[in-house]
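Okay, so here's the structure we're looking at.
The values are calculated or read from the model by the stated rules, or taken from the named source; none is laboratory data. Just so we're clear, the structure is a prediction, and the values are computed from it rather than from any experiment. For neighbour counting, all protein chains shown are included, and Cβ atoms are generated from backbone atoms with ideal geometry for every residue, glycine included.
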There are 2 protein chains.
Amino acid sequence: MKSDGRLARMLHVLVHMGLLGGRETSERIAQMLNTNPVVVRRTLGALRKHGIVESEGGRGGGWKLTRSLAQITVLDVQKALLEGQMLPAPLSSDHPNCPVERASNAVLEHAHKLAEAELEKAYMATTLEHIAKTAVSKV
Amino acid sequence: MKSDGRLARMLHVLVHMGLLGGRETSERIAQMLNTNPVVVRRTLGALRKHGIVESEGGRGGGWKLTRSLAQITVLDVQKALLEGQMLPAPLSSDHPNCPVERASNAVLEHAHKLAEAELEKAYMATTLEHIAKTAVSKV
DNA sequence: AGATACTGTAACCAAAACAGTTGCAGAAAG
DNA sequence: CTTTCTGCAACTGTTTTGGTTACAGTATCT
């Protein structure tokens, strides 16, 4: 399974933005992430749609958090990045009428729903401020 | 995120094999899954390495379960198909020494471990016989 | 007004993972 | 010694993420 690094990268950069306090350009954020300004705009754009950050064009523009680190949970960020389910069950659809396939799929779906609930619970319980404090205390 | 259909397909076909009782060729299994004999051999090959099925070459050969459906759990099948972790945390590794990145990664890792434990528990609690009975009762 | 410093977005290419396909070597039964 | 199987390598297609280039739009400064 392929891991999608966007969540980790966004957590990383949002915490930095919160700690710095001001507005940051895509260029500077890209340097924080060892990547490209366009990738940053692409990904932060998804967060903007969900009201987590706001952007301003033109000279002196850039990106800023719309609320404090304490008011943003990991789940907020994840939901902004994901279109669909967080942990979709990998079902088969080769024979939709086969009762065996349906029974297998039902088992997988149930298990994934349990795991997803656990993941969501953990994500919801963690704010970006918590991450920031952990990081600072370990410097 | 991309869903890997191998687990669902293998559950499907293993239950069929268990219900039929005998030896099945890659050709017939491929028809059950609407796919190709080579894909079947490739995937069942992973299960053979873990002792879940055995194969015989030559005329009259094919694939057979090594134990009963009641003695195979979904987790057994999943472990046979997966090399690494079941639910790897999608971490970032852009700045390994940055305490913020490390704190973000730690949070993600912890949450995924909880979810993975839940998934593993559900997989371990479900045998293929359970799937077979569910399917048969719903015919 | 016009240069400058930003974002927004489209259009590509690259890499990774799973799936599908062809081709052929090897083995076992008839 | 032919037929019927598996085993395996090699190639292609597809999807998803990431990286890059290019260019249009916008706000600020002089």
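Within region A:96-103, identify whether any single residue is closer than 29 Å to B:Leu33 by Cα, more than 16 Å from DNA strand C (Cβ to nearest atom) and touching a Leu at 6+ places or on another chain (Cβ under 8 Å), and answer yes or no. Yes, that holds for at least one residue.
Residues of region A:124-139 that are at the interface with chain B (Cβ under 7 Å from one of its Cβ atoms) and either charged (D, E, K, R) or under 30 Å from B:Arg9 (Cβ atoms) (or both): A:Lys138 alone. Please verify whether B:Val139 is on the phi < 0 side of the Ramachandran plot and either at pLDDT 95 or above or among the basic types (Lys, Arg) (or both), treating the condition exactly as stated. So B:Val139 fails the test. Considering region A:66-75, and only residues there that are under 16 Å from A:Gly21 (Cβ atoms) and either more than 14 Å from DNA strand C (Cβ to nearest atom) or small (Gly, Ala, Ser) (or both), the residue that is farthest from the other protein chains (Cβ to nearest Cβ) turns out to be A:Arg67. Here B:Gly18, B:Gly61 are screened, and the one residue that is more than 23 Å from A:Ser92 (Cβ to Cβ) and in contact with a strand residue (DSSP E or B) (Cβ under 8 Å, 6 or more places away or on another chain) is B:Gly61.
Just wondering, is there one or more residues in region A:96-104 that are assigned to a helix (DSSP H, G or I), surrounded by fewer than 21 Cβ atoms within 10 Å (Cβ to Cβ) and facing another protein chain (nearest Cβ under 10 Å)? Yes, the conditions are met somewhere in region A:96-104. Output the number of the condition that A:Met1 fails; it satisfies all remaining conditions of (1) within 9 Å of DNA strand D (Cβ to nearest atom); (2) at pLDDT below 95. Tallying (1) within 9 Å of DNA strand D (Cβ to nearest atom); (2) at pLDDT below 95, A:Met1 fails exactly one: (1). Among the candidates A:His110, A:His130, the residue that is surrounded by 16 or more Cβ atoms within 10 Å (Cβ to Cβ) and assigned to a helix (DSSP H, G or I) is uniquely A:His130. Per the listing B:Leu81, B:Leu7, the residue uniquely touching a residue at least 60 places away in the same chain (Cβ under 8 Å) and surrounded by fewer than 19 Cβ atoms within 10 Å (Cβ to Cβ) is B:Leu81. Going through A:Ala80, A:Ala89 one at a time, which residue ends up being on the phi < 0 side of the Ramachandran plot, more than 7 Å from chain B (Cβ to nearest Cβ) and touching an Asp or Glu at 6+ places or on another chain (Cβ under 6 Å)? Just a single option satisfies the conditions, and that option is A:Ala89.
Condition check ((1) closer than 17 Å to A:Ser104 by Cβ; (2) more than 9 Å from DNA strand D (Cβ to nearest atom)) across all residues:
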position	(1), (2)
B:Asn36	no, yes
B:Arg42	no, no
B:Ile52	yes, yes
B:Glu56	no, no
B:Thr66	no, yes
B:Ala70	yes, yes
B:Val74	yes, yes
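The set of residues in region B:18-65 that are surrounded by 12 or more Cβ atoms within 10 Å (Cβ to Cβ), within 11 Å of DNA strand C (Cβ to nearest atom), outside any strand (DSSP E or B) and not charged (D, E, K, R) comprises B:Ser26, B:Ala30, B:Leu33, B:Thr35, B:Asn36, B:Pro37, B:Val39, B:Val40, B:Thr43, B:Ala46, B:Gly61.
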